[in-house]
Every structure is written in structure tokens, then in C-alpha cells.
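Beneath this line is the structure, given in C-alpha cells, with notes to follow.
Every number in this text was worked out from the coordinates using simple rules, so none of it is lab data. Note that the structure is a prediction, hence the values are computed from the model and not measured. FYI the Cβ positions are ideal-geometry reconstructions off the backbone, even for glycines, and counts take in every protein chain you see.
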Amino acid sequence: ADGGSGDGATSLGFVNGANTHFHTCLLKAVEQTAEVKGAKLYSANSKQDAGTELSNIEDMIARNVSALIVQTVNVDALEGDITKAKNAGIPIYLTSVATDDLSDILGAAVVDLKKVGAMDAGWIEKDAAGKQVQVGVVAGAPGAASDLLVGGFKAALPATAKVVANQPGMFNPAKAQDVAENMIQAHPDLDYAFVANEEMAFAVRKAFDAAGAEDVKIVSVNGTEEGIAAVQAGTLSATVANSAMTIGQTAVEKALALLADKNGDKISNVPLTLVTKDNVAQAPQYCPK
Amino acid sequence: MTGRTETGTGHGADRSAPLVRVRGVTKGFGGVAALKDVDLDLYPGEIHALMGMNGAGKSTLVQVLSGVHQADGGSIGVDGHDRSGLTVRKARHLGIAFVPQRRELVMGLSVAENIMLGDLPRRGGFVSRPQMLSRAREALAGLGIEIDVRRTAGELTVAEQTMVEVAREVRRGGRVLILDEPTACLGAEAAGRIRTLVRRLRDEGVAVVYISHYIDEVLGLADRVTVLRDGRVVRSAPADGFDAGELVRAMAGRDVVSHRPERPAPADEIGLAIRGLTHGRSIRDFTAQVRKGEVVAVLGPAGDAQSYLFDLLSGRRRPLSGELHVDATPVPMGRVPASLGSGLRCVTGDRRALGLVPGLSVDENLMLADDRFHRRRLHRRGELARRSAARRKDYGVVTLGGDPPVGSLSGGNQQKVLLAKWLETAPTACFLEDPTNGVDVAAVADIHTLIDALAARGVAVLLASSSAEEAMRLADRILVVRAGRTVAEYDTTAITRDELVATALGGAPQ
Amino acid sequence: MSLKSPSVAPDRATAPATARPRPSLSSLGRIPHGGLIAVLILMIVFTALRADSFTTSQNLLNILRQISVTAVIAGGLTLLMTAGGMDFSMGSNAAVTTAVAAQLLSHGQSTTVTVIATLLLATLIGLVNGLVVTFTRVAPFVATLATAMLLDGVALLVLNGMSISIGDRMSALGNSKLLGIPWLLIVAVVVLVAVGLAMRFTTFGRDAFAMGGNEHVARLSGINVPARKLALYALAGGLSGLAGLMLLSRLGASAPNTGGLQLQLTAVAAVVIGGTLLAGGHGTIPGTVLGVILLGVVANALNLLQVNSYYQPVVTGAVLLVAAVVNEFNRRSGPGH
Amino acid sequence: MSLKSPSVAPDRATAPATARPRPSLSSLGRIPHGGLIAVLILMIVFTALRADSFTTSQNLLNILRQISVTAVIAGGLTLLMTAGGMDFSMGSNAAVTTAVAAQLLSHGQSTTVTVIATLLLATLIGLVNGLVVTFTRVAPFVATLATAMLLDGVALLVLNGMSISIGDRMSALGNSKLLGIPWLLIVAVVVLVAVGLAMRFTTFGRDAFAMGGNEHVARLSGINVPARKLALYALAGGLSGLAGLMLLSRLGASAPNTGGLQLQLTAVAAVVIGGTLLAGGHGTIPGTVLGVILLGVVANALNLLQVNSYYQPVVTGAVLLVAAVVNEFNRRSGPGH
Ligand SMILES: Nc1ncnc2c1ncn2[C@@H]1O[C@H](COP(=O)(O)OP(=O)(O)OP(=O)(O)O)[C@@H](O)[C@H]1O
Ligand SMILES: Nc1ncnc2c1ncn2[C@@H]1O[C@H](COP(=O)(O)OP(=O)(O)OP(=O)(O)O)[C@@H](O)[C@H]1O
Ligand SMILES: [Mg+2]
Ligand SMILES: [Mg+2]
């Protein structure tokens, strides 16, 4: 399965999952790295729809790319993708998640979402220092990503921290803001809030401030420029940086490496950094310029 | 009345300058011509009648005049200026007012709003409701109509709706008033009022275009008559140049005779029996028995009891009380399937809303009910056309092109389709509401013959009408209703038309 | 001379669309939207009993602030649908507005300029919808469904897929209050009252009913139907823009997928639940307001009652369904027709 | 009529296009859906010239496989809308089916049992929609919009928010072919042909046109309207179920937000672009097929042509709009064939 494009150069197909900030940065990173590596890149977007994702993959196969890089809309939607790619003899490389059975995939740049949640929980534990505290959760849209994140967070919370509210923000700031307003209403003496991404976190902050709950500390996920700035400014207390740029770069580099040499190790864990006021300097770049 | 002598005033107007001058107008629909090279001159202060068989092109012509349709060829001039390609709004600005054949009201709005639509009285940017109501009342009062202007247009009977529309157009004024079969569904008094009004406007110098299928009405009213046949003008002359016979020949191209034939005496057993039918104010304790082979007419003023019989007999609406027997077997009321199952066939007078599916083809509409009764599973065009061909012929349905949507047919042709649809389904008993509504002279005769045949076949026929002629022509017995009650019963042989009209309807004919 | 008899107009029985019996002058004594109100009250009582924080004035203000964006769109849609139109792209139009406004502001444009520019843009977009619907015979739903997709893409392009923060510009509108009443709410109320009055008492409004009820009659009556349509679609566009700015001022940032279809569907649901007919010819602002409030209260209640997130759509859907059904039964059991 | 394109001469209700002569494009006028076909051909030629991989039989088969799920839903919707109905919950119904089927299979139920059980369930859901619409006077759009939300939630509940893989069960349907033709495509074609034939050649189909054209007349003509409605909604449900199973067999797993509104809107777009009237009384399967294909081709072309993902909705919307406009310019709505 090589020489998709006429000039014999390696060609990569990147199937992105959606159009959020994260996905945009991921795409940029993949494009730039591919260019650096002199690989021809085709990209498509599944717009959060598993069916579209499969169609996109079929289209890539029709184009006979050397390898596929897939930021899936959903872990198990991969099932079909992988079968398709396998039948077509086109290796498939995953970003963010990995399947349990690695034999069928070329490799994966994995973000351990459980760990991400756990790191935020850890910060709260440290910050609460044994005090009895109330925690609110603004999750994403029902689905694996959000569930892993929140699951990891809850599991790692100390016994002294009690999750008093857990509502879906649907990864949509407007919705998240409504939810936060209602949450702070129902639980005025909230101490911490865990928000499934920074776009929502900002909205939640606004809601809390408007309700006079400036002292509620918000921890979140991503590490975008805005996020880091917010941590520095103290509007967010901590955020776990899982750089989209790193994921993109790793994906392309590893994919090409593995194409060249099948028995390099498949899984590369994307480094996670807990960013707080004290270490904003170490925050990795999130989005390529 | 004295229509003849009044026609004189029309000639007082200046003959040299027609207000509207139509030359060589042609109009086709999907390649087939509905109007062919039509000329027409409208003079101020003249009532100009358009006559012709169903599908002759009358409505199409006036729709072109009022900008609803744009002519394919020819010219339209208004006071000497070429106005070809009129749009509705341009026409209105030129003072051309139009009451279409089909009722056009906003059913959801009040009568007052419908009348004042397009220039609602305003005070400080807001619509002034009191003014709107009072002006609307004036407009109706001007025609001597009593309708509560606050009622919703949808609640009105078709007659009331017509009056409202005429009032609306008259109120708006203008130099040309076009009325497309305004009296087709009006009672005596209402129709009389319309005619009086038309004369008044004519005398005020308005040019009136008046479409009607009633020979005597036209001869009594019009100053000038133009006859259309198959989209061509076959004759245009002052009204006094015509007599009824000629007019009919001009329209139909042949003589039309319609006299009451000898029908076999009705059988003894009762085909249709209605007892103590009561529904609110509309109809109270109505009882009728129709023997097989008998035709019984229920005669009443427009909008009286007979207008509610269709809803109640067809099962659309459950009466408060009353019972129905068809062929001596009781029929549960308020259920359409029960009514149909009993062999009773109800033909509505409101073909548009309750009679036909405008989007379906003529053939499908013709066979709609029959195919359902015969539980046909399959639908094949060719075979359908074969089955419906006979009905088209018997009922003289004329269409442009093969099998167009029934909605594109002329009013009268739609009525024929409606009758053919129901009368050919082997009925035990029939309820006919206004069977000849908007149908041309020849077709009226044909339909009357068909109804005679129906009775001769031993079908019990109940006829709802407010037409004395029709009752006299068709019925063996006549029930006269008033204010929802049966006030008299006559044997047709035992009464003359004039007695009937006098006693029953009060409103004397012209 | 023949005398002809009329036939019972089917509208008196059970004709569809415009002929559907509706609460109107003829049915005084019966509360319009009774069913909707009943369901709403039930919801409120139930929630109040289970979550005491529900009845706090703060929470009630929250609800009202949360629904005000939807309310503005729903208001415009009610008028448009009453006139027989439909704009399925209002949510997406709002999304475009938020995006453009965010860009302008973040590129240092003054708030005034931004507001004016974006409102004009939104109105223009509405106008384009109007032109398509008026001068081609494309059904409004079809045309605006297409423009909705188109605009969603435009919003992405403008944002270049990133989320753009506007700091605390405009946050006065989004978060501060006047005499304890959120500005957003005030704007929404003003819009709804204006539209409501226009529909009831102005020629413009009554003409809308006429056009929705029977466009041909409206034309025959000398109403300049095309001009009116353009005006109505432009207005819908303008209000979408306003809604977009309100949304932006609340969020303080514009992210991909803000507004768009979600917002649109919520507004449509509110409007139709409020009794406005898709076929046109009938619609009321009070009904729409009830619809919007119902949806807002349900969302709020679900949060306060800590309903599992999977149950939330189930409950919302069920409540909508019940409301619609109860509402129709209440109508049906009305006297006369 | 307001939901249809306004006709200049409504007294000739079904001959709007005849009311004004359209000299331009009149040549296309004779061919039904001429406009749609023209746009489609343009799209195809353009793409074929720019991307050689487009015309590979593999790619064409891909397109056809990709659209077959939408096609099945669109087919059912066409019939329902022609009868004057509307089911906005078909996508969500499909989602529920995928979820339930996935659960059953992963709990070791046999494929046969699963298929039968889920199809029954889906039909039942459709029937419930039918009951609500038939026996209350709630407008179909309103009722099914509510059930759509409700079902989306149900799907989440069934999946408990997780994704459930079915391994390679059913993958025969989803991925293998018969004589080089994907099974999914075969199923879709069978459904469309069946519905198409039913609409043209069976009384059941013609009843749908009659009901959509004038429900009163249909009832008075001895058509058992309530029964027909229930049947139609049940059928729509059943087909949604089938679509759900097809989707599942393709994806090999059921995840939250599979199917649902996205799928629904695509189907609706295809149907209305194909010339089916929201107001009922007119609709054609060929039109719907063209609509579905157009959408499929556009999506595929956008990928092959490497159009930036932000431009994709823009282009899709634009193409839809153009198609609709061109199509309306030479539409001749006959007595519904
Ligand atoms: N919009 C249309 N599409 C197709 N055919 C039409 C249309 N309008 C009218 N026709 C045809 O043109 C012819 C003339 O119709 P028109 O309505 O003018 O007849 P008419 O003289 O008014 O008949 P009636 O007395 O029954 O009203 C008829 O054959 C009719 O079928
Ligand atoms: N004089 C009238 N003017 C206008 N409408 C009338 C008149 N009389 C009766 N109706 C209409 O006819 C219908 C019959 O009235 P009513 O509601 O009492 O019958 P119903 O048995 O309740 O009808 P349904 O069985 O459909 O409920 C009503 O809808 C009313 O609008
Ligand atoms: Mg006519
Ligand atoms: Mg009643």
C-alpha cells in the first residue's frame, strides 16, 4: 500500500473528528509536520459523525494513501474504520485514543484521559489540604471522551472532596454557562469545579463570577494559549496541557517512522503537564502558529 | 324586474372611448390554448356579460384582465395606454376590481379585516379597530347584508363569503368591476341585491364585467353580451340583440332543451328516511322520507337547514339527535364509513373543499371513491383511463390535454367530475347538494337527465337546493325549510313555480 | 331566475391549516394556551417542591437570562411563520454574527462600530434569504435549510476554527443589570413586546396574517407581498444578529459551533409549541413566550434536580410532547368550533 | 399552501409553474427534475475533471454505499410527507435501533433475533408517533420533533453513554458485496424501488396522495384515513429501524450521537430538494433519489477535491441552494408522479 500519489512520495490521509479549537490545532500541526517531512497530506473532517468518519476513510482508501491518521469522533466507531483500512491493506494510525488490540493498527499517539482527570483531581487534593470540600463537574457531551475524563477525575479525588453536582456542558460554552449558573444556584458553597475543556471553563468562570462566586476554583483541560493566560491571571486555577501540536507532530512522525520500520513501538503517550500559576513557563505550545 | 328598460342608460356613455380595450389576446396552459385571439371592449357605465360553456375561457379572460394571469399574446389597453403584462397590483392601481369565481378570503381573519385588507384604517401607526369595524359594517350595509363583521371568515357559508367579497371589492371602488359567477351560489334575495348593486354602479359610470350561466339573469341585467366558445369570441352584441334561444345556440353551438320527462312511478318501499334530525340552531327536528325512485327536494333560503344536511348525512359531523335509515336499515350517524357502507352517496356543494383532490388527475378523481369501494389494490394509468373514459363522456367533462390535475379544470367541469365520481358508484340512495352549481346550460340539462335516470333506476334521491326551477324540474315532492324548520311540503304537480317561490322563499325573482 | 344554495364551509368543521379552530375573539372565556400554562405550572410546582433553590429570585433571573437569546430568535420566527414564511438559518446567522463581532472586537474595532456592522450584516443575510424565497419559488424551509448549512461554514471560516475571546467588552450587556433586571432580559422583553404589538395592532402585522392565511388574497388586496416578505426576512435576520450579539456578550468569546442548529431548533420548538402554525396564518407572541419559558424552566429544573445527563433529553422531549398534546386537547374541548 | 412555493394562481392549485411563462431553461422544463439533474451532472463532470480518483468504480461504489442509509430514511419520509405527514424523529429512531441492536448482539443474542426485535421496536416507535398525530391534533412536525429529542435520550440510556462494539457480527451486510454490489446499496435500492412502485401503482400509494392533497375528500371517499396514517407512520418507523441496522452493520459499533438529528436533516434535505412538498399532496421517489445522490456526490467531491473542511458546509449549502433554485425554475408539478 504505497505510492498513492503519482510521484511515488509517501501520502498521508488525515481524518479529523470535528471543528473545535483542539481539532483545528491538531490539523495545523499535522499539516505542518507533514510538509516538513515531505509527505503529501490529504485531510477530511467527520464533523462529529461516525458515519461520516467511515465515509471519509473510504474516500481516503479510494485515493490509496500510504497511511491513515485518524482523530476518531468515537473510540468504538473505530471498529469499522480499522476493518476497512485492514481490508484495503492501508495501515491506520490513531490520535488521542488507542484500541485494546494493537495488532490491527499502525500505532497511536495516546492521551490518557483518565490520567488527565486524575491530575486535576490531584491538584484539588493538594490545594484543599484535607479540608472537607464540595466539587462541581461540568462534563462534556455524553460519550467515551467525557466519561473517561470525568471518571478519572472522580476516582482520583480524595475522600474529603465530595462531587455535589455533575452536569453535561455538551462541550458547548453557551450550554456550559447555563449549567454553571444553575449549579452555583443549587450549590452556593461550591469550592472547586472541574470543567471538561477550557472553552467551557471560561464560560463557567463568567457564570460563577456573575453569581458572586469568584472564590470557586476551576480546573480544566487543554492548555490553550487562552487557558495558560487564564491560569496566569488566576481565573483558572489549574489546567492539564495535552498539546494538540505535540499530538499532531507525534502522529505524523511516528506514522512515517512505523511505515519505514514496522516494529518500532506502536504506542506513544502524549506528555501531560499540569499547569498552575507556578509553572506556566513549562506549559508546552498548544497550537502551531 | 325592469332590466331591459334600464339597459338604455348604458348607451348614454361615450361609445368612442373604451375604458379597457383587449385585442387578440391568447393564453395557453402547458401548450394548450384556453384563449384564442380574443377582442373585448369595456365602456364606462356598461354592464358587459361574458357567457360561454364550461371551459370556454371566461375565467381565464377575466384573470388576464385583472392581472392574475399574463397573456401569452395580444394587447390590453386601459384608457388608450398599452397595459399588456398587467400584474394584480398594477390592475388594482388602474381601478380594476375583481371577484373571482373561487371564494378568496383569509379564512383565519375576521370579516372586517377581510373587507378592509390592503387599506386598514390607521391611527398613529396602529390599526384603529373601531374604525375598521364601522367601515366594514358600512360596506356590508351598503349591500343590505347583515353579517357580524367580527366573525371569522372561515365560519361563513359560501353565500356569506361571496357577499363579503363583493362588498370588499365594491368598497375599494374602481372604474372596472369584474364579477365571476357571483350569483352561482347565492339565494334569491342575495342575488337580487347583487344585481341591484351592479345596476347602481353601472349608473355611476363603472364598467362591469359580469359572468353568469343564467340566461334570464344575463338578459335582464346586461347591456352588452360577449359569448365565448372554446376560447374564441363567437359573438359580441348589445343584450337586446339576443333572445334566450340565440344565446344558448351561440354558447353551445346547438339547441338545448330540458323538460321534465315521464319517470316510472316511485316504488312503495322507503329508500331513505331521516327522522328528527336536530343540530344546534342549524337544523331542528328535520324529517324526510324518500321512496325508491323518488326525488325529494329540500328547498330553503341560502344557508338554511338544507346547507347542513351534507355534513350530517355524510357522517362528517354527528348531529345532536336524529336517526337515519337507508333501505330500511338504520345507519349510525357521525361516521363516514357507516354512511358510505349503507349505500348512501352524498355529493357536496362545496367541490373545492369537500369534493375533489385538486392535485390528483381528472381520471383519479373520477374513480377515487369507486376504486376504494371495489377494494382495488393496484393502480394502472391506462386501465384507469379506460374505466373513466365512459364517465368523462357521459358527464361531458372537457379538459385541455389528456389527464390534467382536476384543479386546473374550469369550475363547471370540476362540478361534472364531482357528480360522475359519486353517481356512478351504484348508490341505493343519493343526497345531492346543488348539483348544477356553476354548470353551463347544456350541462345543466345533461345533469338533470342523469338525475332523472338515477331515479328511474330506483334510487331514492334527496336534493338540497335553493333553486325553485331545479326543484320543480326534478322533484316529485318539495320540502320547504326555514330557520332550520320544515315549514311546508308540496307535491310538485300540485303547485306552480311562482306559488312555490312566493310561499317558500319570500324573495320574489326579478 | 335561479336561486342557489350554499354549502357548509368545511372550515367550520375540521379543515386543516388556516381553518384549524383557534383561540380567538370568538372563544373568549376560555384561556388561550391553557394546556401549555397547566404543564408549565406543574413543572414549576414540582421543581419548587424538590429543589428549594429553584424559587430564589436569583435562579428565576438566571432562567430568564438564559432564555432571552432564544426568545429574541423565537420572536422573529413567530412573525415570519405567521406570514407563511420560515427561516431555518436564524441560529446559523446568529453564529456568523458572534464570529464576525468577536473578530472585529479582537481586532480593536469599537463596540459601537461592531454592533452596527454586525447587525447590518445579519439583516443583509436575512434579506438574501428573503430574495431567494420571494423571487424564486423555492420553499422557504428548503432555501433556509441550505443557507443554514452555508452560514455554519462561514462562521467556522470567520473564526478559522479557533475560539476568539473578546475579554470583557460588551460584558455590560451580557452580565450587568438595570434595577436588578439583566440587560439581556430587558432587550428580549422589548423585542417580544414590540413584535407582539406589531402583530396585533399594526397594518404590517395584520398583513402578515393575511399573507400567511392566503397569499393570493393578500396580493389581490393590493398588499405589496414581495416587499413585505423581504422586510420580514430582513427583520428575522436582524433579530438573529441581535441574538448573536447577546450570545457573544454573555459568553465573552465566540467558539466554533456556538449558536447554529441547536439554537435554531430550540427556537422552532418554542414557537410551534406556542401554537404558531408551520403553514402560516396563525401565531401568537404570548404562546411563543410560554414555549420559550417552558423550555428554559425544564433545562433549569433538570440541572437543579441533578437529573442524570442521559435522562435530560428524554425528559425534555416528554415534556414537550405532553405540553403539545394537552394544549391541543384543551383547544379541542373549547365550545363551538 | 404557504409551505409550498406560492403559486400565482392558487385556484389552479397544482399548476403553479404554468402560471408564469419561463422562457429561459424551458428546454429543461419538459424533463422532470431537470434542474436537479443539470446541477448533478455539472458536479460530476467538474469533480471528474479535477480528481481522477472520482470516477474509479471503487469510489463510485463508496458514494453509493455511503448514501444508502440516508436513502432508506428519505424513501420512507417521501411517502409520509406526500401523505401530508412528517416524521422528524426517524434519525433518532434509527439511533435507538443501533443502540438496542448493539446491546442485544453484545449480550450474545443471535443476529436474527436482534434484527427482528429491533425492526419491531422501530415500527412500534413509528406507530406511537402515528397514534399521537392521528388521535390528538398535534401537528406532525411538533409531535415528532419532541419524540426525536426523547429518542435521542433513550439511545444514550440504552448505550449508557458508552460505545458498544459488535465485533464483526452483521459485517456481511455492512461491508461485503453481491456480484460486486455492496449489500447496503442493494437493500437501499430495493426499499426505494418498492416505495416508488407503491406510490405509483398501488391504491395504498395513491391514497397517500389523496390524503396529502385533501384529507376531507380522502375520508369522504371511503379511505380509512386514520388506519392509513398509522400504517404510514409505522412504515416510516420500520424503515428508520432498517436504516439503523444498516448503519450499525457499517460502523461495527454503536456510539452516542450516531444517526440522530444529523441523519434526519440530511434525509429531509434530500427529500425536499427532490421536490416533495412539506404541505403534502406531491412527492416523487426519483426526485428523492436525485436529492440523496446529489448530497452524496457533493460530500465525496469535497473530500477528493481537498476542500478545506470549513469550506465544506459552505459549498454543500451553496450547491443545495443552487439546485433548489434551478429546479424550481422549471418544475412542472403534475398530478403527482
Ligand atoms: N391554470 C391552468 N392550468 C391548466 N389549464 C387551465 C388552467 N386554467 C384554466 N385552464 C383550462 O382553460 C380552459 C378555460 O378555463 P376557464 O376557467 O376560463 O373556463 P370558464 O369559462 O371559466 O368555465 P366555467 O364556466 O366552468 O368557469 C379550461 O379547459 C381549463 O381546463
Ligand atoms: N349558524 C352557524 N354559523 C356558523 N357556523 C355554524 C353555525 N351553526 C353551526 N356552525 C358550525 O357547525 C359546527 C356544529 O356545531 P357543534 O360544535 O355544536 O357540532 P358538534 O357536534 O360539536 O361538531 P363536532 O361533532 O365536530 O364536535 C360548529 O363547528 C359550528 O362552527
Ligand atoms: Mg370560470
Ligand atoms: Mg364541537
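A few points about this structure:
- Computed [θ] at 222 nm, deg cm²/dmol, chain A (DSSP H ≥ 4; -39,500 (n - 2.57); rounded to nearest 500): -13500 deg cm²/dmol
- With a Cα cut-off of under 18 Å and a minimum spacing of 8 residues unless on different chains, the lysine pairs in chain B number 6.
- Shape call, chain D: gyration tensor on alpha carbons, a/c limit 1.5: oblate
- Peptide B:336-343 - average C-beta neighbours from other chains (10 Å radius): 2
- Dipole in debye (nearest 20) - the protein assembly as shown, about Cα centre, beta carbon charges: Lys, Arg +1; Asp, Glu -1: 1920 debye
- A straight line joining the Cα centroids of the range C:114-158 and the range B:239-310 runs 58 Å.
- Every Cα-Cα pair in chain B was counted, and those over 36 Å apart are 33% of them.
- Relative contact order of chain D, taken over Cα pairs closer than 8 Å and 6 or more residues apart, is 35 percent.
- A simple spin-label model places the labels of residue A:102 and residue B:82 8.6 nm from each other, with each point 7 Å out along Cα-to-Cβ.
- Reduced Cα scattering model of the range B:108-172, Debye log10 I(q)/I(0), q = 0.25, 0.27 Å⁻¹: -1.05, -1.20
- Shielding score for D:318-324, defined as the mean number of other chain Cβ atoms within 10 Å: 6
- Shortest-first nm distances, residue D:172 label point to equivalent points in other copies (7 Å, Cα→Cβ): 7.1
- Whether the range D:139-209 is rounded, prolate or oblate, judged on the alpha carbon gyration tensor where a/c under 1.5 counts as rounded: oblate
- For the protein assembly as shown, the alpha carbon positions stretch 111, 74, 65 Å along the principal axes, listed from largest to smallest.
- Distance-filtered residues of the range B:447-490 - backbone nitrogen under 15 Å, label point 7 angstrom along residue B:269 Cα→Cβ: B:458-460
- The range A:76-114 residues near the modelled residue A:265 label - backbone nitrogen below 14 Å, point 7 Å along Cα→Cβ: A:108-110
- Straight Cα distances below 16 angstrom link residue A:277 to the lysines A:126, A:217, with same-chain residues fewer than 8 positions distant left out.
- Neighbour cut-off at most 16 other Cβ (10 Å), DSSP loop, trypsin sites (Lys or Arg not before Pro), the range B:219-267: B:254
- The mean number of Cβ atoms from other chains found within 10 Å of a Cβ in peptide B:114-126 is 5, as a whole number.
- The Cα atoms of the range B:360-510 cover 53, 32, 27 Å along the three principal axes, with the biggest extent listed first.
- The value obtained for the range B:355-426, namely the Cα convex hull volume divided by the number of residues, is 81 Å³ per residue.
- Put the Cα centre of the range A:176-227 next to the Cα centre of the range C:255-289 and the gap is 29 Å.
- Calculated label separations, residue D:224, copies of the chain, 7 Å along the beta-carbon direction, nm: 5.5
- The alpha-carbon atoms of the range B:41-122 define a convex hull whose volume equals 146 cubic angstrom per residue.
- Relative contact order for the range B:108-172, counting Cα pairs under 8 Å that sit 6 or more residues apart, in percent: 43 percent
- Its residue count N sets the reference 2.2 N^0.38 Å, and the alpha-carbon radius of gyration of the range A:154-204 equals 1.13 times that reference.
- Plainly put, the tip 7 Å out from Cα toward Cβ on residue C:197 is 6.4 nm from that tip on each other copy, the closest given first.
- Under 30 Å from residue A:262, Cα to Cα: lysines that are on another chain or at least 8 residues apart: A:28, A:37, A:40, A:84, A:86, A:114, A:115, A:254
- Normalised by the number of residues in chain A, the mean separation of alpha-carbon contacts (under 8 Å, six or more apart) gives a relative contact order of 19 percent.
- Separation in nanometres of the label points that stand 7 Å from Cα toward Cβ, at residue D:52 and residue B:487: 9.3 nm
- Inter-part distance, the range B:311-345 to the range C:217-234, computed on C-alpha centroids, equals 45 Å.
- q = 0.29 Å⁻¹, the range D:55-110: log10 I(q)/I(0) [Debye, one scatterer per Cα]: -1.03
- Overall, the ratio between the Cα radius of gyration of the range D:126-180 and 2.2 N^0.38 Å, rounded to two decimals, is 1.73.
- Debye intensity ratio in log₁₀ form over the Cα atoms of the range C:83-163, taken at each q of 0.15, 0.17, 0.25 Å⁻¹: -0.55, -0.67, -1.12
- Cβ crowding within 10 Å averaged over residues, with A:98-111, D:137-150 ranked highest first: D:137-150, A:98-111
- An ellipsoid equivalent to the range B:193-243, defined through the eigenvalues of its Cα gyration tensor, has semi-axes of 20, 12, 11 Å when rounded to whole angstrom and sorted largest first.
- Selected from C:322, C:296, C:73, residue furthest toward positive end of dipole (chain C; charges at beta carbon): C:322
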